[in-house]
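Asks: Please see the structure below; I have some questions.
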Amino acid sequence: MNGPLHTALCDRLGIEYPVVAFTHCKDVAVAVINSGGFAVLGEAMHAPDRIAADIRWIRERVGGKPFGIDLVLPSSVPDDRTVEQLLAGIPQGHWDFERMIRNKYDVPAPKEAPNLHIWGGLDQKRALAQVEVVFDERVPVFASGLGSPAFLLERAHQLGIQVWGLVGRPRQAKKQIAAGTDAIIAQGYDAAGHTGNIGTFSIVPQVVDIARGTGVPVIAAGGVTTGRHLAAALALGADGVWTGSLWLASRESDLNLPLKERLLEAETEDTVYSDCISGYTMRTTRCPWHDEWLGPEAPEVLKPPLQMLLSANYIQGSLDYQRKDLMTEAAGQGIHYVTEMKPARQILSDLVDEALDVCERFATA
Ligand SMILES: Cc1cc2nc3c(=O)[nH]c(=O)nc-3n(C[C@H](O)[C@H](O)[C@H](O)COP(=O)(O)O)c2cc1C
């Protein structure tokens, strides 16, 4: 298909629409891939054998179409630590504060060890074991949401794997392009999850300028939840959009129902930018955990990965018992436009139709 939404990224990936879905849910990924978009599955929370199984599960359902896997590669965490060793590094005063929050809000204890205990961002060894699976399986695209993937480019390229880097600052884009990264996701402050403090409208054109002439596609991220955002991203010079919040409340999404309801109700002001969940700045929906860490009694937020371990019981307990009043989830400022539980195929086609309308309006003006 040729048309105003057809970009170099479409040719490079063999996709119809320049829309990338970042999702933790395999069903969402498959639905988007089979509807003409591209999907990158977030696997940082999974052990290597589960990652391998998920890759095969997707492959069986997409008929040879390409997809990606996203992991985190933080350079600031220790090389190799057990969860017990890491937990022992959390000061008693922080445990007291965590316990106070859980008592005050009657937060149930998690049913099992929290998922965050297997996060690839806890130490380098975990992250590298996850990367090995992506290499073994020769997944077409490897994306790194945190930390630079430059050190694994050579090996990835030998295996025919594209490496994409997610950046929040122009200088990170410069470094990654110079190192040979295959595509850059320029992510703005509006975004869900770990993000820097430069707005989407400022970071995207700057990264486009840096990438000009290199052939490296730039994918805009942060706040893209309508076709108007897609058209605007292309107008800023991006080759496509990378979207996360858009899919959270889709029919296929495996988030629990109270959390989906919370996200459907959420307004832009209900998202907060804070380091109290993981120790990195991150945008999530506001919950009592944030309120307490903003208070005068709060201790200093711990460095990664310790803060993530400290928040793990609160987060997992609220999810396990579906406590809508306590839950928090990564969500971007564009969550205002996520108001209906639609199938992923329809979300994509609505986005594309609206973007095409914008283009037509400009063409006939
Ligand atoms: C629930 C959720 C979890 C996320 N986890 C990750 C992650 O593990 N790795 C990553 O690279 N990005 C992660 N992100 C960020 C997305 O990759 C993406 O950059 C972001 O959602 C874009 O902003 P948007 O939500 O406004 O579309 C997450 C986003 C959401 C919504």
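The values are calculated or read from the model by the stated rules, or taken from the named source; none is laboratory data. The shown structure was predicted, so the numbers you read here are calculated from the model rather than taken from an experiment. Cβ coordinates were reconstructed from backbone atoms using ideal geometry, including for glycine residues, and neighbour counts include every protein chain displayed.
Asks: Could you list, in sequence order, all residues of segment 319-336 that are within 10 Å of the ligand (Cβ to nearest atom) and part of a helix (DSSP H, G or I)?
Replies: Listed by number, the residues that qualify are Gln333, Gly334, Ile335.
One line per residue, one yes/no per condition, for (1) outside any loop (DSSP other than H, G, I, E, B); (2) at pLDDT below 95:
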site	(1), (2)
Leu259	yes, no
Leu263	yes, no
Cys276	no, no
Pro296	no, yes
Val301	no, no
Gly317	yes, no
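Asks: Please work out which one of (1) within 14 Å of the ligand (Cβ to nearest atom); (2) over 13 Å from the mean Cα position of the chain (by Cα) is the condition Leu166 fails and give its number.
Replies: Leu166 satisfies all of (1) within 14 Å of the ligand (Cβ to nearest atom); (2) over 13 Å from the mean Cα position of the chain (by Cα) except (2).
Asks: Then there's this: When Val204 is evaluated against the numbered criteria (1) surrounded by 23 or more Cβ atoms within 10 Å (Cβ to Cβ); (2) assigned to a loop (DSSP other than H, G, I, E, B), which criterion, by number, is the only one it fails?
Replies: Among (1) surrounded by 23 or more Cβ atoms within 10 Å (Cβ to Cβ); (2) assigned to a loop (DSSP other than H, G, I, E, B), the lone unmet condition for Val204 is (2).
Asks: Condition first: surrounded by fewer than 24 Cβ atoms within 10 Å (Cβ to Cβ), in contact (Cβ under 8 Å) with a residue 12 or more places away in the chain and of a type outside the set (Gly, Ala, Ser). Now tell me which residues in segment 164-180 satisfy that.
Replies: Arg169, Pro170, Gln172, Lys174, Lys175, Ile177
Asks: The conditions are (1) within 20 Å of the chain's Cα centre (by Cα); (2) more than 17 Å from Gly244 (Cβ to Cβ); (3) free of Cβ contacts under 8 Å to residues at least 40 places away in the same chain, and Ala156 fails exactly one of them. Which is it?
Replies: Here Ala156 clears every test but (1).
Asks: Right, another one. Restricting the search to segment 14-31, which residues are of a type outside the set (Phe, Trp, Tyr) and within 13 Å of the ligand (Cβ to nearest atom)?
Replies: Correct list: Val19, Val20, Ala21, Thr23, His24, Cys25, Val28, Ala29.
Asks: I need the full set of residues from segment 46-100 which are surrounded by 18 or more Cβ atoms within 10 Å (Cβ to Cβ), assigned to a loop (DSSP other than H, G, I, E, B) and more than 16 Å from the ligand (Cβ to nearest atom), in order please.
Replies: Answer for segment 46-100, where residues must be surrounded by 18 or more Cβ atoms within 10 Å (Cβ to Cβ), assigned to a loop (DSSP other than H, G, I, E, B) and more than 16 Å from the ligand (Cβ to nearest atom): Lys65, Arg81.
Asks: Ala220: outside any loop (DSSP other than H, G, I, E, B), crowded, with 19+ Cβ neighbours inside 10 Å, at pLDDT 95 or above and among the small types (Gly, Ala, Ser), yes or no?
Replies: So Ala220 passes the test.
Asks: Here's a follow-up. Scan segment 226-259 for residues that are within 10 Å of the ligand (Cβ to nearest atom), more than 17 Å from Val40 (Cβ to Cβ) and under 16 Å from the mean Cα position of the chain (by Cα) and report the count.
Replies: Total meeting the criteria: 1.
Asks: Quick one: is Val30 assigned to a helix (DSSP H, G or I) and of a type in the set (Val, Ile, Thr)?
Replies: yes
Asks: Moving on. Could you check segment 330-365 and list, in sequence order, the residues that are surrounded by 13 or more Cβ atoms within 10 Å (Cβ to Cβ) and small (Gly, Ala, Ser)?
Replies: Once the filter is applied, which keeps residues that are surrounded by 13 or more Cβ atoms within 10 Å (Cβ to Cβ) and small (Gly, Ala, Ser), segment 330-365 yields Ala330, Ala331, Gly332, Gly334, Ala344, Ser349, Ala355.
Asks: List pairs: first in segment 182-201 and on the phi > 0 side of the Ramachandran plot, second assigned to a strand (DSSP E or B) and near the ligand (Cβ under 10 Å from one of its atoms), Cβ under 7 Å, 6+ apart or cross-chain?
Replies: Gly193/Met282; Gly193/Arg283; Gly193/Ala330
Asks: List, please: which pairs have Cβ atoms under 6 Å, are six or more places apart or on different chains, and start with a residue in segment 4-19 that is closer than 11 Å to Gly37 by Cβ and end with one that is surrounded by fewer than 17 Cβ atoms within 10 Å (Cβ to Cβ)?
Replies: Listed pairs, sorted by first residue: Leu13/Pro66; Glu16/Met1.
Asks: Sticking with this one: If Ala109 satisfies all but one of (1) surrounded by fewer than 19 Cβ atoms within 10 Å (Cβ to Cβ); (2) in a helix (DSSP H, G or I); (3) touching a residue at least 40 places away in the same chain (Cβ under 8 Å); (4) not hydroxyl-bearing (Ser, Thr, Tyr), what's the number of the condition it fails?
Replies: If we test Ala109 against (1) surrounded by fewer than 19 Cβ atoms within 10 Å (Cβ to Cβ); (2) in a helix (DSSP H, G or I); (3) touching a residue at least 40 places away in the same chain (Cβ under 8 Å); (4) not hydroxyl-bearing (Ser, Thr, Tyr), just (2) comes out false.
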